[in-house]
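J.: Let me give you the structure first, and then I'll get to my questions.
The numbers here are math on the coordinates, done by the rules we state, and not lab data. Bear in mind that the values here come from a model prediction, so they are computed numbers and not experimental data. When we count neighbours, we look across all protein chains shown, and the Cβ atoms used for this are built from the backbone with ideal geometry, even at glycine.
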Amino acid sequence: MVPNQTSPSDAPRAAPLGHTAQAPSIYLDYQATTPLDPRVFTVMQPYFTRVFGNPASRGHDYGREAAEAVNGAREAVARMIGGSPLGLVFTSGATEANNLALKGLFEQHRDRARHFVSCRTEHPAVLDVLAHLVERGAEVTWLEPDRSGHIDPDELRRAIRPDTLAVSLMYANNETGVVHDVAAIGAITRDAGVFFHCDATQAAGKLPLDVGETGIDLLTFSGHKIYGPKGIGALYAGRSRPRVRLVSQMHGGGHERGFRSGTLNVPAIVGLAAALDLAENEREREAALLKKQREALLHRLRAADVAFQINGDPVAGLPGCLNLRFVGVDGAALQQAVPRLAFSRGSACSSAVPTPSKVLLAMGLGAIEAGESLRLSLGRFTSDAEVETAAELLIEAVCRLRDAPDHAATCEL
């Protein structure tokens, strides 16, 4: 359990670089990464200094104490996701976990099945792995999301073939916050007898995670998205119905039951468990607060009569995520116009690299529409005052840019 030494609202914040105390920057990029919660850091500290042993060195107390910490964290994380500790593999993050899940599954089963089903709105940590596997002989059927980012369960059923190995679909989207019905997907994959891999990086700590209830065979997530440390993540590989078997992608020591060699990062593993425990305990309260702040931001924009559209599901989605298109305003120009606001563009679009968001394009937006989009993501340490200030800054910048005679969206295919 995480010591309740400070509440989230009381947690100290570092002064943003490049801004004065009178005009601090406002962090609205929690989908990209989160700050380490001070309570998590407190739990981690002994494992940087006092408990420094190698958990593989069990012949002495230093190693045994470190191993006990890892085992305790493994049991805690497994319990919180409804799985067995024996199915949990600690990795350097969700990207490595996705690589191990998909490559390991393919190499284990390639003689009998080489077909995957996925969606173009997946994170590159899945898209690029599947592209690599296609070069190795795999086939992928890509589902087409609707304008709100959802997939059709009937289309998923039709896409599954006799040689389908796995369905790979995320729990929640990193750009739009759209949430897939993973329980329905799990039921479909169970009926079809194929594996279900789910990248839950954006859902962990924000939505219920239970591999048993959802039918997820391979679950991946990361610590730095749940106010834990960077450089740590996990893969859960189910142990029944059927047992998931993988080929290791990293050799040299046989750690993590041979799935992932390398000395275990004990402080980060302890931090991952502490962060997930904290997030689970505060999930409902935090979600309610973020939804309230999200609606306050939207209400302020509507009251100012600012023309915008919500990309994704306007009702159901991650509580603190907003992907907005400000009609007629280039996202890159808007980002430059409000340097106090730290957010990501829904399109990685600029005059130098005119590449629209693949997620938004897959949802049916045009290149210009995607270029007019941005992602605002609120989090644990976002204050009501910051939401109000952010709305005011956006309104002022949008109106100013729309009035500029030479302003135009710069995104092209």
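J.: Skipping prolines and chain starts, which residues have an amide H placed within reach, meaning under 5 Å, of the one on VAL167, given they are 5 or more residues away or on another chain?
T.: Those lying under 5 Å, H to H, from VAL167 are VAL117, PHE195, PHE196, HIS197.
J.: Pull up the DSSP beta bridges for segment 69-207 and report the antiparallel fraction as a percent, rounded to 5.
T.: So the antiparallel bridges in segment 69-207 amount to around 10 percent.
J.: Using θ = phi - 60° and the Karplus relation 6.51 cos²θ - 1.76 cosθ + 1.60, list the HN-Hα couplings for segment 223-238 in order, rounded to whole Hz, with x at every Gly or Pro.
T.: x, 6, 8, 10, 6, x, x, 6, x, 9, x, 7, 10, 9, 10, x
J.: Would you grab the residues whose amide H sits under 5 Å from the one on LEU143? Only those 5+ places off in sequence or on another chain, please, with H modelled 1.01 Å from N.
T.: Here the answer is SER118, CYS119, ARG120, since their amide H atoms fall under 5 Å of that of LEU143.
J.: Could you give each residue of segment 314-328 its phi-based ³J(HN,Hα) in whole Hz, using Karplus coefficients 6.51, -1.76, 1.60 with θ = phi - 60°, and x for Gly or Pro?
T.: Couplings: x, 10, 9, x, 4, x, x, 9, 9, 10, 10, 10, 8, 4, x Hz.
J.: Shifting gears a bit: Restricting to DSSP H runs of at least four residues, report the calculated mean residue ellipticity at 222 nm for the chain, -39500 (n - 2.57) per run over all residues, nearest 500 deg cm²/dmol.
T.: Here the helix-only value at 222 nm equals -11500 deg cm²/dmol.
J.: How big is D for the chain, in µm² s⁻¹ as a whole number, if Stokes-Einstein is applied with the Kirkwood radius of its Cα pairs at 4 °C and 1.567 mPa s?
T.: Translational D for this selection: 58 µm²/s.
J.: Find how much the distance from ASP403 to LEU298 grows on full extension, using 0.36 nm per residue of separation minus their present alpha carbon separation; answer in nm with one decimal.
T.: Contour length minus the Cα-Cα distance gives 35.6 nm.
J.: Please identify, among THR49, THR201, THR263, the residue showing maximal mean-square fluctuation in a Gaussian network model of the chain using a 10 angstrom Cα cutoff.
T.: For the chain, modelled as a Gaussian network with Cα springs under 10 Å, the answer is THR49.
J.: Pulled fully out, how much extra length does the chain show between ASN281 and VAL247, if you take 0.36 nm times their separation in residues and subtract their Cα-Cα distance?
T.: Going from the current span to full extension adds 8.7 nm.
J.: Show me 202-208, 299-305 ranked by packing, highest mean number of other Cβ atoms within 10 Å first.
T.: 202-208, 299-305
J.: I need the peptides 370-382, 134-146, 96-108 ranked by packing, meaning the mean over residues of other C-beta atoms within 10 angstrom, with the highest value on top.
T.: Ranking, from highest mean packing down: 370-382, 96-108, 134-146.
J.: How much of the DSSP bridge set in the chain is antiparallel, in percent, rounded to the nearest 5?
T.: Counting only bridges with both partners in the chain, antiparallel ones make up about 55 percent.
J.: Taking 0.36 nm per residue of sequence separation and subtracting the Cα-Cα distance, how much length would be gained by fully extending the chain between GLU75 and LEU393, in nm to one decimal?
T.: This chain segment gains 109.9 nm when fully extended.
J.: So, in nm, how far is label ARG157 from label ASP111 when the simple model puts each one 7 Å beyond its Cα toward the Cβ?
T.: So the two model labels end up 3.4 nm from each other.
J.: Starting with the fewest neighbours, write out GLU175, GLU396 ranked by other beta-carbon atoms found within 10 Å of each beta-carbon.
T.: Least to most surrounded, the residues fall as GLU396, GLU175.
J.: A follow-up question, please. Pairs of lysine in the chain with Cα under 22 Å and at least 8 positions apart or on different chains: total?
T.: Lysine pairs meeting the criterion: 7.
J.: Using Cα pairs under 8 angstrom and six or more residues apart, how large is the relative contact order of segment 190-285, in percent?
T.: For segment 190-285, the relative contact order is 25 percent.
J.: Could you identify which residue out of ILE232, ILE216, ILE151 has the top mean-square fluctuation in a GNM of the chain using Cα springs shorter than 10 Å?
T.: Ranking ILE232, ILE216, ILE151 by mean-square fluctuation puts ILE151 first.
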